[in-house]
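Data block below; observations after.
The values are calculated or read from the model by the stated rules, or taken from the named source; none is laboratory data. Source: prediction; values computed, not measured. Glycine also receives a Cβ, built like all others from the backbone with ideal geometry; neighbour counts cover every protein chain displayed. Calculation scope for accessible area: heavy atoms of the full protein, side chains included, ligands and nucleic acids excluded. Shrake-Rupley method; radii C 1.70, N 1.55, O 1.52, S 1.80 Å.
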Amino acid sequence: MATSTVPTRLVSSFPWLIIICGCLIAAINFGPRSAMGFFQLPMLADRGWDRTTFGLAMAIQNLLWGLGQPIFGAIADRFGTWRVLALSAVIYAAGLFLMATAHTPEMLHLGAGVLVGLGVAGGSFGIILAAFARNVSPDKRSFVFGLGTAAGSAGMFLFAPISQGLIDAYGWVNALVYLGIAMLVIPFLAIPLKGTAQSGQVSQAVAEQSMRDALREALGHRSFLLLTAGFFVCGFQLAFITVHFPAYLGDIGIEPRYAVISLALIGFFNIIGSLASGYIGQHYSKRIFLSLIYLARAAAVVAFILLPPSPVTVIGFAVITGLLWLATVAPTNGLVAVMFGTRYLGMLGGVVFLSHQVGSFLGVWLGGYLRDAFGSYDGVWWLSVALAIGAAIVHWPIVEKPVPRLEFAPTE
């Protein structure tokens with residue numbers, strides 16, 4: 001009798017300590033990298049580099065973020081989330097310190113690109129949301145995914161003015177050092193997230209599958225491949241705006257203060273959009289919701305680049321973009337969990353996210369390259385529209401149900 005009451009207690013109790021600490025880590029992890037655009041112009045002015053040099057560093061960062069996440073996800077699934085989060089925080093801090101002291105493009109690419117990219121990868125949404133998924137029942141999973149994503153959004157909202165304030169008060173070099181010090185609180189916050197893939201409520205059907213079999217199954221699944229292809233577009237759009245939007249506003253004659261305001265607005269409304277996304281994904285079709293998000297993004301970009309530039313259009317675009325910014329994360333990770341379960345969600349979510357970061361690499365690099373080559377960001381904006389329409393199309397045929405191995409297995 002006592003044995004049968006343990007699973008009920010574990011499922012019914014909501015792990016608030018894990019959720020709160022995970023949300024704080026998401027905010028701290030996502031904050032500095034979302035504010036990288038504020039460092040571009042003062043760094044280039046001091047070092048004498050061009051935008052392509054900075055853009056390449058950010059592109060490397062996004063690519064290493066993507067390449068590192070499935071690896072860190074697999075390590076977290078097997079050896080524990082705390083170890084990965086602690087290691088990533090140290091790597092992240094080292095990258096910010098090296099970025100602050102970089103006097104050659106190679107040092108910039110190593111610090112801001114490789115180290116920061118790997119640091120972000122080890123503490124990213126995929127690692128944290130996988131820990132959440134293992135500790136909540138399926139009926140609350142999309143909700144906690146929305147909470148975790150909203151926390152990352154809060155980090156963007158808070159770190160935009162914080163980063164600009166530190167730059168104004170202490171210079172961009174010291175600002176990066178202070179942000180690096182902030183990363184070192186993560187290992188302490190990560191202690192409650194010490195579980196592995198076998199923690200929480202895992203069905204026997206999932207537990208018997210090896211990591212290699214899980215990867216083979218996912219890569220042979222049509223819906224997983226469509227989801228992975230669509231997430232490429234999300235990365236392209238978000239990384240381009242994060243890195244190049246402040247410079248773009250300067251190009252079209254908008255006062256610099258609106259760059260800070262707009263990114264802060266994106267972060268604030270991203271919180272609302274992420275929470276709403278978690279709720280919608282829990283009650284409605286995730287694939288249809290994702291298609292609608294990408295169509296809305298395409299419409300927002302078209303309106304923004306066709307309307308005459310003004311502070312009003314900038315603020316309006318920031319609000320709409322914020323609502324849609326990370327709204328894709330909860331339904332995307334939710335679809336992976338629906339299809340394959342939670343045991344290897346860190347690794348499989350990382351594979352999907354790798355596609356996101358390949359898109360980020362191209363969005364950041366093409367943004368700088370085409371701006372230097374043609375003197376305008378217009379070509380990248382229109383490419384973003386075309387890709388968003390393509391993403392809406394590829395999400396539509398996704399089959400939103402478990403693979404046959406799990407379809408008749410006990411509920412996780």
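Along region 20-31, what does the Karplus equation 6.51 cos²θ - 1.76 cosθ + 1.60 (θ = phi - 60°) give for ³J(HN,Hα), rounded to whole Hz, x for Gly and Pro?
5, 5, x, 5, 5, 5, 4, 5, 5, 5, 7, x
Whole number in Å², please: accessible area per residue of the chain, 1.4 Å probe, ligands, DNA and RNA not counted. Please report the intermediate quantities before stating the final value.
Working: 15640 Å² over 412 residues.
Per residue, the chain has an accessible area of 38 Å².
Straight-line reach only, C-alpha to C-alpha below 28 angstrom: list the lysines that Lys194 could link to, leaving out same-chain residues fewer than 8 apart.
Lys140
Of the peptides 86-95, 331-340, 39-48, how do they stack up when ordered by the mean number of other Cβ atoms within 10 Å, highest first?
Details: 86-95: 22.5, 331-340: 25.5, 39-48: 16.1.
Highest-to-lowest ranking by the protection proxy: 331-340, 86-95, 39-48.
So how exposed is Tyr284, as accessible area in Å² (1.4 Å probe, rounded to 10)?
That residue has around 150 Å² of solvent-accessible surface.
Arranged from highest to lowest average of other beta-carbon atoms within 10 Å per residue, in what order do the peptides 309-321, 69-81, 112-124 appear?
On the way: 309-321: 17.8, 69-81: 23.1, 112-124: 27.1.
Highest-to-lowest ranking by the protection proxy: 112-124, 69-81, 309-321.
So if I take the centroid of the Cα atoms in region 19-84 and the same for region 318-370, what is the distance between those two points in Å?
14
Place the peptides 369-382, 229-242 in order of packing, highest mean first, counting for every residue the other Cβ atoms within 10 Å and averaging per peptide. Walk me through the intermediate numbers first.
Working: 369-382: 15.6, 229-242: 25.8.
The packing order, highest mean first, is 229-242, 369-382.
Setting aside same-chain residues fewer than 8 positions from Lys286, which aspartates and glutamates have a Cα under 20 Å from its Cα?
Answer for Lys286, where 20 Å is the Cα cut-off: Asp139, Glu400, Glu407, Glu412, listed by chain and number.
For the full complex of protein chains and a 1.4 angstrom probe, list Trp49, Trp16 by accessible area with the highest value first.
Working: Trp49 40, Trp16 140 Å².
From most accessible down to least: Trp16, Trp49.
Could you sort Glu400, Glu106, Glu255 by their accessible area in this structure, using a 1.4 Å probe and putting the largest first?
Values: Glu400 60, Glu106 130, Glu255 100 Å².
Accessible-area ranking of Glu400, Glu106, Glu255, largest first: Glu106, Glu255, Glu400.
For region 70-157, what's the relative contact order in percent, using C-alpha pairs closer than 8 Å and at least 6 residues apart?
Computed value for region 70-157: 28 percent relative contact order.
Rounded to the nearest percent, how much of the accessible area of the chain (1.4 Å probe, protein heavy atoms only) is carbon and sulfur?
On the way: 11090 of 15640 Å².
C and S atoms contribute 71 percent here.
What is the chain's relative contact order, in percent, from Cα pairs under 8 angstrom and six or more apart in sequence?
Numbers: 778 pairs, mean separation 114.5, N = 412.
It rounds to 28 percent for the chain.
What is the dipole size for the chain, taken about its Cα centre, with +1 at each Lys and Arg Cβ and -1 at each Asp and Glu Cβ, in debye to the nearest 20?
Numbers: 21 positive and 16 negative charges, 175 e Å.
Computed charge dipole of the chain: roughly 840 debye.
What number, in percent, do you get for the relative contact order of region 220-370 if the mean sequence gap of Cα pairs under 8 Å and at least 6 apart is divided by its residue count? Present the calculation step by step, with values, prior to reporting the outcome.
Values: 159 pairs, mean separation 69.7, N = 151.
So the answer I get is 46 percent.
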